[in-house]
Amino acid sequence: MSTVLAASPPPMSRRLARPAKGALGLVLFLALWQASVPLVGLEPYFYPAPADVWRAFLDLVTKGILPVYLIDSIGRYAGGVAIGTVLGIACGLAIGISRLADRTLSPAINFLFAIVEVAWIPIFVIWFGYGFKTILIALTYVVFFPMLYNTLVGVRTVPQVLVNAALSLGATRLQLLREVILPAVLPNIITGFRVGAGFAFRGLIFAEIVAAKSGIGYLIFEGAANHQTARTIVGMIVMGLLWLGIDNLYLKPVERMTVERWGSVTTAERRE
Amino acid sequence: MIRPLAATLALALGYFGYEAWLDAGGARKLAGIGVPAPKGHYELRVAFPPEGFHVTRMQAIGRLIEVKGQSVFLMDVEPQDLRAIARNYWVVGVARWKGL
C-alpha cells in the first residue's frame, strides 16, 4: 500500500532554485507594477506605486502602528483557532462516539452551521462590545465547524474491525479512544485544522473591519476610509505574508508529518 | 515537527525581546522625572505629529488637554498608565507638566 515519494532529500541546488524563482517572480511583478504607474497616470491615492507602499510600510512601523496591529491580529487569530479546534474536536468525538450526544447535539449544530459568522458578528458586538472578545468568539465559531465535521467523519470511518478487536482484547472506552480512534482520526483533524485555520484567517479580516479598532483587518479598512490606499495595500501584503508564514511554518509541516505517520504515503527512510 | 517548534521558539524570543526592549526604553524615558502617585500631569513628546492611533491611546490613560505640534499634554495620569504609554518607542520624551 505504501508509496515511495522520495528516496533522498532533493539536492541543495534544487532546494535553493525554488525560492530563487519565487523571488525573481516577485521582483518582476514589482518592476511591472512600478512601470505601470506613469502609464496609468492616476494619483497615488487611486494607484500607489510600490515605492509609495514601501514608504507607507516604514511610516506604519516608525509610528508604532503596524507592530501593535500585527500582535493584536496574531493574538486574536491564535486564540480563536485554539479554542475552536479544542471545542470542535471534543464535540466531533462526542457526537461520533455517543449516540446520545449525536441525537442531542446534531440538530442544533446543523442549524448553527447554516448561520455564517458574518451574521453573528453584529449580535456579538451588541453582547460583547467591540474588540477582543467578539473577534475571539467569531473566530472560534468559524474554526469549530470544520474541526467538528472532519473529526466526525474520521470517527465514523474508523474500521469497525479495529474497534471490535480492541474491545475483544479488553480495552476500556478510554483506551479505545486513545489507542484506536484518536490515531485513526488524526489525519481528519489535521485536514479540519487546515480548513478551519484558512477560514479563520478570512474571518479575522472581516471581524476586525466590523468589530475592532485595531488589527490588520482594521488597518485595511481604516486606510481605505481615510484615503490612505498605500496603507491598505500594506495591510493586504502583511495579511498575505502572515498566511504564508502560518501555512509554511505550521500547517504544511504538521500535515506532512501526519500523512507520513498515519496516511498511505511514506518516505524511503520509514520503509527501511 | 522541528520547523513549527523552531518557528514558535523564534517568535517567542522575538516577542519577548521586543517587549524587553520596550520596557527598557520606557524605564529610560522615565528615569529623570519623578512620577507622583496617585496621578500626575505630563507632556509626552512623540517623534512625529500624532495620529488618531496615538491620540486614542493617550486619551485612554488620562485627560487629553492639548496636542501642540509633536507634544501631547495630559492630566490625571496614573503611574502605571504612564509607564505603559512611555514604553512605546514612538514616545520620545516624557516631562512633568504643571497642568491647567
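If r is the Cβ-Cβ distance from A:L42 to B:W21 and R0 is 35 Å, what FRET efficiency results, to the nearest 0.05?
Numbers: r = 40 Å, r/R0 = 1.15.
Plugging the Cβ-Cβ distance into 1/(1 + (r/R0)^6) gives 0.30.
Placing unit charges on C-beta atoms (Lys and Arg positive, Asp and Glu negative, everything else neutral), compute the dipole magnitude of the protein assembly as shown about its Cα centre in debye, rounded to 20.
Working: 34 positive and 22 negative charges, 105 e Å.
For the protein assembly as shown, the charge dipole is close to 500 debye.
For the pair A:S98 and A:A23, how long in nm is the line joining their label points, each one 7 Å along Cα→Cβ?
5.5 nm
What would the Debye formula give as log10 I(q)/I(0) at q = 0.08, 0.09, 0.12 Å⁻¹ for the alpha-carbon point model of chain A, no solvent?
Treating every Cα as an identical point scatterer, log10 I(q)/I(0) equals -0.48, -0.59, -0.92.
Answer rounded, prolate or oblate for segment A:104-169, using the Cα gyration tensor with square roots of eigenvalues a ≥ b ≥ c: rounded when a/c is under 1.5, else prolate when a/b is larger than b/c, else oblate. Display every interim value, and only then the final one.
Working: a/c = 4.00, a/b = 3.00, b/c = 1.33.
Prolate, because a/c is 1.5 or more and a/b exceeds b/c.
When the accessible area of the protein assembly as shown is split by element with a 1.4 Å probe, what percent falls to carbon and sulfur?
Values: 14140 of 21000 Å².
That fraction is 67 percent.
When the dipole is taken about the Cα centre of segment B:2-96, and only Lys, Arg (+1) and Asp, Glu (-1) are charged at their Cβ, what size is it in debye, to the nearest 20? Write down the numbers at each step before the final one.
Working: 11 positive and 8 negative charges, 29 e Å.
Dipole about the Cα centre, nearest 20: 140 debye.
Any idea how far the Cα center of segment A:135-162 sits from the one of segment A:163-188, in Å?
Each part reduced to its Cα centre gives a spacing of 17 Å.
Distances longer than 21 Å among the Cα atoms of segment A:103-259: what percent of all pairs is that? Don't skip to the answer; put the middle values down first.
Values: 7239 of 12246 pairs.
Distances greater than 21 Å cover 59 percent of the Cα pairs.
With the dipole of segment A:48-270 worked out from charges on the C-beta (+1 for Lys and Arg, -1 for Asp and Glu) around the Cα centre, which of A:A108, A:P48, A:I97 lies farthest toward the positive end?
The listed residue farthest towards the positive side: A:I97.
Cut-off 13 Å, label point 7 angstrom out along Cα-to-Cβ of B:A84: give me the residues of segment A:119-135 whose amide nitrogen falls inside.
Counting backbone N atoms under 13 Å from the label point, the list is empty.
Thinking of segment B:2-96 as a set of Cα atoms, what percent of all their pairs are more than 17 Å apart? Write out the running numbers ahead of the final one.
Working: 2333 of 4465 pairs.
Here the long-distance tail beyond 17 Å is 52 percent of all Cα pairs in segment B:2-96.
Suppose each label sits 7 Å from its Cα in the direction of the beta carbon; what would the A:I71-A:S168 distance come out to in nanometres?
According to this spin-label approximation, the distance is 5.9 nm.
Search the structure for amide H atoms under 5 Å from the amide H of B:I65, placed 1.01 Å from N in the peptide plane, and list their residues when 5 or more places away or on another chain.
Sorted by chain and number, the residues that satisfy this are B:F73, B:L74, B:M75.
Checking the cross-link filter: which aspartates and glutamates have an alpha carbon closer than 13 Å to that of A:K213, excluding same-chain neighbours under 8 positions apart?
Straight-line reach from A:K213, under 13 Å: A:D72, A:E222.
How many nm is it between the label spots at B:I2 and A:A90, if each spot is 7 Å from the Cα in line with the beta carbon?
If labels sit at B:I2 and A:A90, their model points lie 3.6 nm apart.
Relative contact order of chain A: what whole-number percent is it, with Cα pairs under 8 angstrom and at least 6 residues apart?
28 percent.
Mind checking the full-extension length gain between A:W127 and A:I237? Use 0.36 nm per residue of separation minus the Cα-Cα distance, one decimal, nm.
36.4 nm
Using the Karplus equation 6.51 cos²θ - 1.76 cosθ + 1.60 (θ = phi - 60°), what ³J(HN,Hα) coupling, rounded to whole Hz, does each residue of segment B:60-71 give in order, writing x for Gly and Pro?
6, 10, x, 8, 7, 8, 7, 10, 10, x, 9, 9
Determine the calculated [θ] at 222 nm for chain A from helices alone, applying -39500 (n - 2.57) to every DSSP H run no shorter than 4 residues and normalising by the residue count; nearest 500 deg cm²/dmol. It would help to have the intermediate numbers written out before the result.
On the way: 12 runs with 209 residues, N = 272.
Calculated mean residue ellipticity at 222 nm is -26000 deg cm²/dmol.
Got a sec? Charge dipole of the protein assembly as shown, +1 on Cβ for Lys and Arg, -1 for Asp and Glu; which of A:L182, B:I65, A:F144 is way out at the positive end?
My answer, from the dipole projection, is A:L182.
Before anything else, pin down the relative contact order of segment B:25-83: Cα pairs under 8 Å, at least 6 apart, normalised by residue count, whole percent. Working shown, then result.
Values: 74 pairs, mean separation 25.5, N = 59.
In percent, rounded to a whole number, it is 43.
Angle, helix A:132-156 long axis vs. longest principal axis of chain A, Cα atoms, 0 to 90°, nearest 10?
With rounding to tens, the tilt is 40 degrees.
What is segment A:11-94 by shape, rounded, prolate or oblate, if you read a ≥ b ≥ c off the alpha carbon gyration tensor as root eigenvalues and call it rounded for a/c under 1.5, prolate for a/b larger than b/c, and oblate otherwise? Present the calculation step by step, with values, prior to reporting the outcome.
Values: a/c = 2.65, a/b = 1.52, b/c = 1.74.
Judged from the Cα gyration tensor, segment A:11-94 comes out oblate (a/c at least 1.5, b/c at or above a/b).
The values are calculated or read from the model by the stated rules, or taken from the named source; none is laboratory data. Given the structure is predicted, the values throughout are model-derived calculations rather than measurements. Cβ coordinates were reconstructed from backbone atoms using ideal geometry, including for glycine residues, and neighbour counts include every protein chain displayed. Accessible surface areas use protein heavy atoms only, side chains included; no ligands, DNA or RNA. Shrake-Rupley method; radii C 1.70, N 1.55, O 1.52, S 1.80 Å.
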